[in-house]
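Below: one structure, written as structure tokens.
The values are calculated or read from the model by the stated rules, or taken from the named source; none is laboratory data. Predicted model, so just to flag it, every value in this text is computed and none were measured. Ideal geometry is used to build each Cβ from the backbone, glycine not excepted, and the neighbour counts take in all protein chains shown. Areas reflect the complete protein model, heavy atoms only, side chains present, ligands, DNA and RNA absent. Shrake-Rupley method; radii C 1.70, N 1.55, O 1.52, S 1.80 Å.
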Amino acid sequence: QGKTAGILIMGNSGQPGDDISIRIRGISSPSGAQPLVIVDGVPVGGMDYLNPGDIASIEVLKDAASSAIYGTRGANGVILVTTKQGRKGQPATLSYDMYYGLQNPWKKMDLLNAREYAQFLNEAYYNDKLPLPFSQADLLKLSAGTDWQEEVFYRNAPVMNIQASLTSGTDKSSYSSSFSYFSQDGIVARDKSNFERYTLRFNSNHDAFNDKIVIGQNLAYTHITRRGVTPNLEWGSPLGRAVNLDPVTPVRNEDGSWGTSGFASQEIVNPVAALNYLFASSQVDKLVGNLYGELNLARGLKFKSSYSIDLAYGMDDNYTPEYYITSNIKNDIPSVSKGLNRWFTWNLENVISYYKSFGNHTVDALAGTTAQKYRFENLYGSKNTLLIDDYRFAYLDMATNQLSAITAGGMDHTALLSYFGRVNYDFRNKYMATLIFRMDGSSKFGDSNKFGYFPSVSLGWNISDEYFMERFTFIDYLKLRAGWGRNGSDNIENFAYISTLSSFYRYTFGDDPVIYPGSAPERIANPELRWETTEQFNLGFNLNALRNRFSLIVDIYRKETKDILIPNVPIPSLVGNNPPASN
């Protein structure tokens, strides 16, 4: 954040462990703007599983000329993350570090206290010629009242990180392993908002057969536990309620019941009471790794093959007890629900590369193929009327109302097949050119437009190496660069090119009151659905001057979206109770 031009990183909320949004040079696609993240050669869905202490370097590919090699997945830019590796011949080195901190809100909104609020309300009622809600005696009894912000804030919320790593190496091998634990509590909703992460990582690299073969692997396991409130709600969030609920209302009444307001709207309820009945958590176990082998075929000629997986199991638990806050914020029957999810992505890549330097010329070329398949499965169940109304016993088999049981499940999958090539040419490190071509085939499109084609070209000129620059002694380095490229996106729902049926409808026939399950057309086929493509032209220069004490980077770019993916319009329903679209 703040170290690379053209990149905006935003937290989606202030909740610990919540996702972040990364925008590289703005939003380039209406179908999704998150960049592709590749960790040690493995395309992953996000970076929340990573321990920052394991990261050795981060590289960002911003323009189309550099990201075109990733084709459909690089339309919004590419982030390349490399984790720490051991060094050959390195003695065993053990390192350990830890930090512990306390978090507090840096600012609170300056709101009225109870007496000020009562006086203000009296003026409003008086101007409307209504009876005053507070007498003079009531005003004298009031003081500060309830500071709702203070009630929902968690003072001195802890944050802690522990990490230990071991690196070593021999003449032929290198090893790096690490363990870390990270925990953070939110400054809102004590014991209801926190994030825990355990990570284990092991990387190794080995030479064999007189350095003709190199094999290695990168493996990481992460266990994440999240508990939190629903963020970014206009009225239903704890802070939204805290700044809108009047200070005259107590947290609890004298009889122990929750305080309710007679002045706030019905959407604004006691935030402490609402948080008291919040019991939701999610857990994820994630395994990300790759196994690779590299064969030196001849001088400068190499072949590399790698197989990677991204496997995750998730479990969502939710328990809603019996409670009463207001007449419209209540629950009469305790219920429990559980969701199980499985994500699995495998990626197989084969690349042959060639490097040759002769005289003033240098050529670096590669070609390869990539095959990727993604599969998602989920199960869900819920039931109410628990034998024991306690979150410690909130399991589906503890709920007794069989008529309330709901079960659901499903599966989703996609596949991608790609061919790519790249040629780099360099003349005396003065004139440079790069040509890239990639062809992607996606299961999300029909036979008419199965493949998308994504070329790019970039040129560079080191002007500071020209003889006529000798007179400009104050310039240390000056490079002009230009590039053009095309990226693509297939970020739409699966099988959008074929017609589908919905099975959520129910029917009755004649005088028979029995309801029968049925199906109806949901979407018209669109076999001409094609890839979204984005073209980008870049022009810029780098300048270092005054013995490298002055540095200037100027980047001019233009994006032009040629084709945009438009979702299919559902068929208008001819029957009532039309369910929401599946996407």
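Arg87 passes every criterion in (1) more than 40 Å from the chain's Cα centre (by Cα); (2) among the charged types (D, E, K, R); (3) in a loop (DSSP other than H, G, I, E, B) apart from (1). Would you confirm, using the coordinates I've provided, whether Val284 is in a strand (DSSP E or B), in contact with an Asp or Glu (Cβ under 6 Å, 6 or more places away or on another chain), open to solvent by less than 40 Å² (accessible area, probe 1.4 Å) and modelled with pLDDT of 95 or more? For Val284, the condition - in a strand (DSSP E or B), in contact with an Asp or Glu (Cβ under 6 Å, 6 or more places away or on another chain), open to solvent by less than 40 Å² (accessible area, probe 1.4 Å) and modelled with pLDDT of 95 or more - is not met. In summary, Asn51 fulfils each of the numbered conditions (1) surrounded by fewer than 18 Cβ atoms within 10 Å (Cβ to Cβ); (2) in contact with a strand residue (DSSP E or B) (Cβ under 7 Å, 6 or more places away or on another chain) with the single exception of condition (1).
Looking only at the range 380-423, residues that are assigned to a strand (DSSP E or B) and over 17 Å from Leu278 (Cα atoms) come to 29 in all.
Set side by side, the residues Lys444, Lys450 differ, and just one is touching a residue at least 40 places away in the same chain (Cβ under 8 Å), under 30 Å from Ser499 (Cα atoms) and under 41 Å from the mean Cα position of the chain (by Cα), which is Lys444. Considering only residues that are surrounded by fewer than 17 Cβ atoms within 10 Å (Cβ to Cβ) and of a type in the set (Asp, Glu), which ones fall in the range 503-534? Once the filter is applied, which keeps residues that are surrounded by fewer than 17 Cβ atoms within 10 Å (Cβ to Cβ) and of a type in the set (Asp, Glu), the range 503-534 yields Asp511, Asp512, Glu528.
Per the listing Ala144, Ala164, Ala124, the residue uniquely surrounded by fewer than 17 Cβ atoms within 10 Å (Cβ to Cβ) and at pLDDT 95 or above is Ala164.
Residues that are surrounded by 12 or more Cβ atoms within 10 Å (Cβ to Cβ), touching a residue at least 12 places away in the same chain (Cβ under 8 Å) and of a type outside the set (S, T, N, Q) within the range 391-414 comprise Tyr391, Ala394, Tyr395, Leu396, Met398, Ala399, Ala405, Asp412, His413, listed in sequence order.
Out of the residues in the range 540-556 that are open to solvent by 70 Å² or more (accessible area, probe 1.4 Å) and assigned to a strand (DSSP E or B), state the one that is nearest to Ala5 (Cα to Cα). It comes out as Ile553.
Answer yes or no: is there a residue in the range 324-335 that is open to solvent by 70 Å² or more (accessible area, probe 1.4 Å), of a type in the set (Gly, Ala, Ser) and under 30 Å from Leu132 (Cβ atoms). Yes: one or more hits. Any idea which of Phe202, Phe195 is of a type in the set (Phe, Trp, Tyr), in a strand (DSSP E or B) and surrounded by 17 or more Cβ atoms within 10 Å (Cβ to Cβ)? After applying the criteria, what remains is Phe195.
Report yes if some residue within the range 254-273 is assigned to a strand (DSSP E or B) and more than 28 Å from the chain's Cα centre (by Cα); otherwise report no. Yes, that holds for at least one residue.
Restricting attention to the range 1-39, the residues that are among the small types (Gly, Ala, Ser) and more than 28 Å from Ser193 (Cβ to Cβ) total 6.
In the range 316-329, is there at least one residue being within 19 Å of the chain's Cα centre (by Cα) and assigned to a strand (DSSP E or B)? There is at least one residue in the range 316-329 that is within 19 Å of the chain's Cα centre (by Cα) and assigned to a strand (DSSP E or B). Pairing residues of the range 342-360 that are open to solvent by less than 50 Å² (accessible area, probe 1.4 Å) with residues that are in a strand (DSSP E or B) and of a type in the set (Asp, Glu), at Cβ distances under 7 Å and at least 6 apart in sequence or on separate chains, gives Thr345/Asp310.
Would you please name the residue that is modelled with the lowest pLDDT, looking only at residues in the range 242-281 that are open to solvent by 50 Å² or more (accessible area, probe 1.4 Å) and charged (D, E, K, R)? If we take residues in the range 242-281 being open to solvent by 50 Å² or more (accessible area, probe 1.4 Å) and charged (D, E, K, R), then Glu267 is modelled with the lowest pLDDT. Of all residues in the range 415-442, those that are open to solvent by less than 30 Å² (accessible area, probe 1.4 Å) and over 30 Å from Ile463 (Cα atoms) total 7. Of the residues making up the range 167-190, just one is touching a helix residue (DSSP H, G or I) at 6+ places or on another chain (Cβ under 9 Å) and open to solvent by 50 Å² or more (accessible area, probe 1.4 Å), namely Arg190. When each of Phe182, Phe195, Phe202, Phe209 is tested for being aromatic (Phe, Trp, Tyr) and closer than 22 Å to Ser308 by Cα, the lone residue that passes is Phe202.
Residue-by-condition table, conditions (1) within 27 Å of the chain's Cα centre (by Cα); (2) without any contact (Cβ under 8 Å) to a residue 40 or more places away in the chain:
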{"residue": "Ser135", "(1), (2)": "no, yes"}
{"residue": "Leu139", "(1), (2)": "no, yes"}
{"residue": "Glu150", "(1), (2)": "no, no"}
{"residue": "Tyr154", "(1), (2)": "yes, yes"}
{"residue": "Ala164", "(1), (2)": "yes, no"}
{"residue": "Ser178", "(1), (2)": "yes, no"}
{"residue": "Ser183", "(1), (2)": "yes, yes"}
{"residue": "Val188", "(1), (2)": "yes, no"}
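Condition first: in contact (Cβ under 8 Å) with a residue 12 or more places away in the chain and hydroxyl-bearing (Ser, Thr, Tyr). Can you find one or more residues in the range 464-471 that meet it? Yes, that holds for at least one residue.
Remark: pairs (first residue in the range 104-119, farther than 19 Å from Pro133 by Cβ; second residue open to solvent by less than 90 Å² (accessible area, probe 1.4 Å); Cβ separation under 7 Å; 6+ apart in sequence or on different chains) = Asn104/Asn156; Asn104/Ile187; Pro105/Phe153; Pro105/Ile187; Lys108/Gln149; Met109/Gln149; Met109/Val243.
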